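Scroll down for the structure; my scribbles are underneath it.
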Amino acid sequence: MKIDQDFLGIGWSFPPEFNKTEGVVAMTTDVEDINNSLNILLSTRPGERVMFPNYGCDLQEMLFKPIDLTLVTQMKGIIEKAILYHEPRIDILSIDIDTTEELGGEILIRLDYEVRNTNTRSNIVFPYYREEATNK
């Protein structure tokens, strides 16, 4: 069975890296490109991308809400909806939200997924910080 590489995509590395001697941009493919796309999607607020006003995942809406089962369920729903509309290459297997470090201002979002075209399973852990940057 031949895998359609066009479906998996190729894109700029994130954060972007440039090779000045060769005059090229570092590129990523396959699962690495999907992981980069997921990180961008989860960290972008809707409305930030000029030509794609609906692109993003509005996790910042949850910033000052108390962490309870309702909030965790809402976060999962926001993530599922964003991936459903903006990342057609994967199927979500599970979303786990780890709040054990909430007092330190960090929530870990573990996303297990399957690449549709290859049935390859993979995951990412996205750190969501509930505090602003400070010098502690």
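None of the figures in this text is laboratory data; all of them are computed from the coordinates on show. Please read all numbers here as calculations on a predicted model, not as lab measurements. Quick reminder, even Gly has a Cβ in these numbers, built from the backbone with ideal geometry, and neighbours come from all protein chains shown.
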Let me know the Kirkwood hydrodynamic radius for the chain, please, with Cα pairs as the basis and the value in Å to one decimal. 16.4
Sort the following peptides by mean Cβ neighbour count (other Cβ atoms within 10 Å, averaged over residues), highest first: 100-107, 39-46, 13-20. 39-46, 100-107, 13-20
